[in-house]
Structure formats: C-alpha cells, structure tokens
C-alpha cells in the first residue's frame, strides 16, 4: 500500500498509518469530547459519523477493498482450480485449444490493460494532489482503455462463434479431441467472460468516480473512493495478466494453426 | 450535527419511526432486527419441510408423499435451513447487533454495505423461493453433479442463482466484521481485551470471505453447465463430477464452522456471565477459534472417503479432521473449568448453556467416528451422519443462538420476557432434540440410509420415537415465539444490565441509543473482569 503521508495531513495530529497512532488520536478525541457536539473539533463534511478521523475512514475503506479482493481471488481461484485439473488431465487438447486463440489480440489487450493501470494510478495521484483536471483526464483515459479492451474482446468472441468454437450444440465436433477442446473453451469463456463482467463493473465504478471528480468532490483530504476503485481496477488487470499466459501462451509455440 | 444532542437519549427503536426509516436504516442494530425477522421466517419454513420429512417416516411404507416429493422436501429443508437460517443466524443478528457495541464502536465500518447485505439476502431468498414454487429442487442441498447439472429436471438453475446471490450477503457481512474489528476498536480495546464473542465472529468472518466465493463460483459453474451448455462436470464431455464435490466441500465444510464458531462465541459470553467468573484460559479460547477456522479449510476431503479419493488423501484428511477435535475440546474444557467453582445461577441462559455443552459434546465426538475411514465406509450416507450433523448444527449452533437470543433479548428490545417460559422452552428443546436425533444414531448404525422415503418395518419404533421427539422440539421452538412477542407488548422494562454481566454492551441503556454510546468509551480493563464485583460481595 502506498503511503502518501504529506498529502494526507487532514488532522492536526498528522497522518500515521499504523494502529497505535490511530488509537492515540482516538483517545485525544475522546478526551476533548466537550469541544463540540459531536466530539470533532475539525469536522470534514466527508467524515462519516461513526469514524473518529479521516485517516481512520480511509484506512477502513482501503482495508475493506483489500478484503474484498481476497474474496475475488478465491472466486477466480475456483476457476483456476478447474483449469489446472483439466489441463493436467488433457494436456494435448489444451495445446490444441490454445492454438485457436488469437495471441496478437490477447497481447494487444494485455498492453491496453497495463496502460490503463498506469492511467488509474495517475488519477489517484491527481486526487491526492487535488488536481481536478488531472483526475478527469486520467479517469477518461482509463475508461477509454477499458472500453478498447472490451471491444477487442468482442471481436475475439465473434471469431469464436464464426469458427464454431463456442461449447454447446454448435461446437465443431470434427476437431481432434473435440470433447476435451470443448472443455477448454468452456473454461476459456467462463474465465474471460467473468473477467469481462468485472471490467464492465469497473467501468461503472469509473463512471461514478468521474462524475464525483467532475463535481470537485476529491482533494488531498478526501480521495478514498478514487483510491479503492483504483485497487479494484488493478486487481481486474492482474487477473488478466494471469489469464493471458495460461489461456493464450502455454503451448502456443507448437503453433498448429493460429487465429 | 446539532440534532445529535436531542437524539442522544432516544433508543434506536424510537428514532425515527416509520417503515421507510427501517428499510433505509444504516444502523447496525436495526439491520440486525431486520435479519432477525427474516431468518425467523425461514426457520419456520425450513421447520415445515422437516415436519413433512418426519411425518413421512412415521410409517415404513412411503405412503404420504411420492418419492419425488420427498426428495424435494429434504432438499429444501437443507437449502433453507443452511443458507437462509443457520449461516446468517448468529453473525447477522447477534453479531450485527453486538459486535460494534462490544468493541466500543458507533457502528460497523460500512453501514451502507451492511444494509446492502440484508437486501442481497432478501433477493437471494426471493429467487430461491421462486425455485421452490416453480418445480422445487430435488438434488439434495449439496447439488451433486452430474445429477444437478445434467439429469435433474427441477429448478436447479434458479436455486443455484439464489444461493449464489445469498453468498454475497454472507461475504459482505464477513468483510464488514473484519474491517470493523481491525479499524474501529475503541481506545484501550486491545485485541486481547476483546470479548471472545468478537474473536469468534472474527474467525467466522475469515471463513466467510475465504470460503463463500468458492461455493459461489461452484454453483455458477453448475448454472453455466445447465443454462449455457458449458461443460465442467459432465462426464460425457470428459468433465469430472468429483471435481464438483471438491469445490463444493471446500466451502461447505468450512461452512459448518460458519455455523458453529459464532455459537461457540455466544457460549463463551454466556458461560462467563452465568458463572460470574472470568473465562478460564482466555487466550486458548480465542486462538482455538482461529485454529478451527484454519483447520476447517483442510478437512473437506472427509466428505469424499467413498468418492474415489485415493486412500493416501483420505488418510491425510482423516488425521486433520481428528485434529479439529483439539481446539473444540479446548473450548469445551475451558467452559467447564469456567463454571467450576463459579457462582452459577439458574437463569434462562444457563439452561441453554448446559444444553449446548451436552449436545455439542455428543455431536463433536461422533464426528470422530465419521473421521475414521474404516468406520465411515459403514456409516457414510446413513442416518448416523444425519444425527451427527444435527447434533452440531441444531444441538450446537441453534442451541447457542437461542441462548444468545435469551441473553441479549433485554438489551435488543428493552423488555424482559417470562423466565419460566424460557426455562420450559430450553428443557423441551433439549429433551425433544435428544428424542429426535439420538434414535437416528442407532438407525444409522443399523444401516438405514439417508434420503429414502421408505424403510424396512423393523426400524419403525425408532422412527416413531424420532418423529415424536420432533413434535416436542417444535413445541420447544414455538414457545419463544409467544413469550418473546408477549414481552414486546407487556414485558417489564429491562434495566441496562439485567444479568449483572460484564462487557461494553451492558454499560449502555437497554435498548441502546442510535449511536450506541453517549460518550466515546475508553476501555481500561480486561474482558470478563468479574473479580472486583465478587470481592465486594465477600466484603
């Protein structure tokens, strides 16, 4: 977790990331509870009533997103488990299946997503430095790159439909090891499909954040939503970084018939 | 926020009124009450399915329901009781209500997500009920493939989506608890001053966030196989149906600990309170919760002893399963040691405490029988298994849930209920439960398989005893519905601390104000600090 201490000087007590300083802060708040009706001398309008300080709020939200990402890892983990087992059972079918995937489109999408992670990080940085235009620019860039990814994915899927590689009654059963290849494509569509769904959710998040940034909601004292949305976005990128080699690259060097 | 000063003395129940204020509330206490109402409804629904099962088994001939109908009854009993009652029971009601107060916080870290989790629960429940009314579900609550993915012509897809959706409510509750425990503790509330209930909820939350996503993806794969023709578990396409069992039990065994760990947390609170004594070996009880949560993830293979799993894998799973007995025994022995030479009084929570200890011990020890591979080959899928997990889930988890509800009811509602009614209920539940499920150990040992609607006539006596016991059990569970409702209308006002118990929740009024504490609490003593009070008594 990055710790931008100087840009987070929201309370008079400074910004310590660890639990101990948080407690000290909380204690000092408690002892000075008589100062105002709510026990907060410097009340930021973005501070929710059940938190003592902006730092506590940011740390809670960030930890919440990390915990959520752990659940996402377990969620995708189930599919990786399925992938590992069947790859182990049917290695030849896996090579055949992976040679039907378009490595150049996959590589293009990998590059697109890596770039979108960079623009996302720049958007978070812009929020931390209270730059409204920077936030808007980088959020739009992030969304544009995310959309490029989905469009490329759409064309990839369309190709698979044309080539009868979508599992089900229309699957091309004349392929060698057709049954096992169908299993490969079941996993391919499940994993990339759920990943694409996460991308769409991410775009929705970015849209919300963009509207809030447009209204000048974020500054060095309050940028929690940008930060946690960024964490989510990076996670979705990283899932793709695992999907790309596992689905497209492993075995592709045997190169039977690309595309 | 100048209105705070005037709101301070109002309880969370009074401020403000109206249905909308409840349905849009962000107050963890109100959300707990919303959960309480919903899970009670599902408890009743699941109970009715159970009644259907027990009525059929009164006679050896399968004459009351068709075998198809019977399959649906036991499936829906399992699905409703596990996903819609047991898993949310203690965490979403007692945990939601008490966890923030116990650690001195004004609310959970994410109040809106907390409310969202209830709506997700309601949505998942609605979808599942749609499946119930639209052809039902006959796969067993375990959704085993390939029956569920290829063969069954009931509403498997709808039910799978219902379970998938409900899983997120559980994940969000767990997430909220973990962040709250890490980031929201009051000054002075160190990790080792936390009540053991909070430790247990924390361990449960870890299981929820690590296990639930796996069952979510598993039922989603079943859904995709049925609805989208993707093949994962279909053997005709080279898929492995046993893979489903691995993925399913990777969650569903830990899910047992989602049900029992919070119950153990409740027990630690109740034992200390009814004995007026510090919990014996606080650290051991706290860490045994974490140990159970961790070990719980390493034992799923004991559900696959007879599912083509290799004997070596079976051996490892068998040994680790037996290891779970160690932290469980640590807890049981420590509770006993807490009561030993304590000032135990016979109040209604005491009855549930003692009932839990007896039933949980039997449930836990019979688990060791089943963990033994040789014995399990004889007992697997028999009524012995049914009796074993009911001793844990009903005798353990629900007994603790009822005990907790009785213990904290005055805090939650501000009303006292009928003590004699509560004692009668606890005794009826204990007797009825044993009469229902103990004969099933014998039936299972004699070879009666689970999930059949007919059986040889020589097993009728024990089955009649079991159905008789179920009727007593039903009366035991219905009684609280009456005296709790009565207490809301006519009950005496509850003082802040009716049991003379320790803990931050007993320092605030009953029912607590909206933001729990009028003044931000500072903690400067360990949990269960009963000693000074007793010294005053002596002096």
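A few notes on this one:
- Residue within the stretch B:292-314 that is farther than 26 Å from residue B:380 by Cβ and crowded, with 24+ Cβ neighbours inside 10 Å present: no
- On inspection, residue B:209 qualifies as part of a helix (DSSP H, G or I), within 7 Å of chain A (Cβ to nearest Cβ) and under 17 Å from residue A:67 (Cα atoms).
- Screening the candidates B:92, B:44, B:109 for the property of being buried (at least 24 other Cβ atoms within 10 Å of the Cβ), in contact with a helix residue (DSSP H, G or I) (Cβ under 9 Å, 6 or more places away or on another chain) and either free of Cβ contacts under 8 Å to residues at least 60 places away in the same chain or within 14 Å of chain A (Cβ to nearest Cβ) (or both) yields one hit, B:109.
Quick grid of which residues meet (1) crowded, with 17+ Cβ neighbours inside 10 Å; (2) within 12 Å of chain B (Cβ to nearest Cβ); (3) closer than 24 Å to residue B:230 by Cα:
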site: A:155; (1), (2), (3): no, no, yes
site: A:164; (1), (2), (3): no, no, yes
site: A:178; (1), (2), (3): no, yes, yes
site: A:213; (1), (2), (3): yes, no, no
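Results for (1) within 12 Å of another protein chain (Cβ to nearest Cβ); (2) more than 19 Å from the chain's Cα centre (by Cα); (3) not in a helix (DSSP H, G or I), shown as yes or no for each residue.
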{"site": "A:78", "(1), (2), (3)": "yes, no, no"}
{"site": "A:85", "(1), (2), (3)": "yes, yes, no"}
{"site": "A:88", "(1), (2), (3)": "yes, yes, no"}
{"site": "A:117", "(1), (2), (3)": "no, no, no"}
{"site": "A:122", "(1), (2), (3)": "no, no, no"}
{"site": "A:126", "(1), (2), (3)": "no, no, no"}
{"site": "A:139", "(1), (2), (3)": "no, no, no"}
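- The lone exception for residue B:461 - which of (1) in contact (Cβ under 8 Å) with a residue 12 or more places away in the chain; (2) assigned to a helix (DSSP H, G or I); (3) closer than 24 Å to residue B:362 by Cβ it fails: (1)
- Against the list (1) closer than 25 Å to residue B:231 by Cβ; (2) over 17 Å from the mean Cα position of the chain (by Cα); (3) surrounded by fewer than 19 Cβ atoms within 10 Å (Cβ to Cβ), the condition residue A:134 fails is (1).
- Matching residues, the stretch B:222-235, being assigned to a helix (DSSP H, G or I) and at the interface with chain A (Cβ under 7 Å from one of its Cβ atoms): B:224
- Among the candidates A:109, A:46, the residue that is surrounded by 15 or more Cβ atoms within 10 Å (Cβ to Cβ), in contact with a strand residue (DSSP E or B) (Cβ under 7 Å, 6 or more places away or on another chain), modelled with pLDDT of 50 or more and more than 10 Å from every other protein chain (Cβ to nearest Cβ) is uniquely A:46.
- For the stretch B:116-137, taking the residues that are buried (at least 21 other Cβ atoms within 10 Å of the Cβ) and farther than 23 Å from residue B:75 by Cβ, the one that is nearest to the other protein chains (Cβ to nearest Cβ) is identified as B:117.
- Some residue of the stretch B:153-175 being touching a residue at least 60 places away in the same chain (Cβ under 8 Å) and in a loop (DSSP other than H, G, I, E, B): yes
- Filter result for the condition that a residue is away from chain A (no Cβ under 14 Å), out of contact with any helix residue (DSSP H, G or I) (no Cβ under 9 Å at 6 or more places or on another chain) and either surrounded by 17 or more Cβ atoms within 10 Å (Cβ to Cβ) or modelled with pLDDT of 95 or more (or both), over B:456, B:532: B:456
- Among residues that are in a helix (DSSP H, G or I), under 30 Å from residue B:94 (Cβ atoms) and under 18 Å from the mean Cα position of the chain (by Cα), residue B:292 is included.
- Here the stretch B:181-196 is the region considered, the condition is being within 8 Å of another protein chain (Cβ to nearest Cβ) and part of a helix (DSSP H, G or I), and the residue that is farthest from residue B:332 (Cα to Cα) is B:183.
The values are calculated or read from the model by the stated rules, or taken from the named source; none is laboratory data. Quick caveat: nothing in here was measured; it's all calculated off a predicted structure. Neighbour counts run over all protein chains shown; Cβ positions are idealised from the backbone, glycine included.
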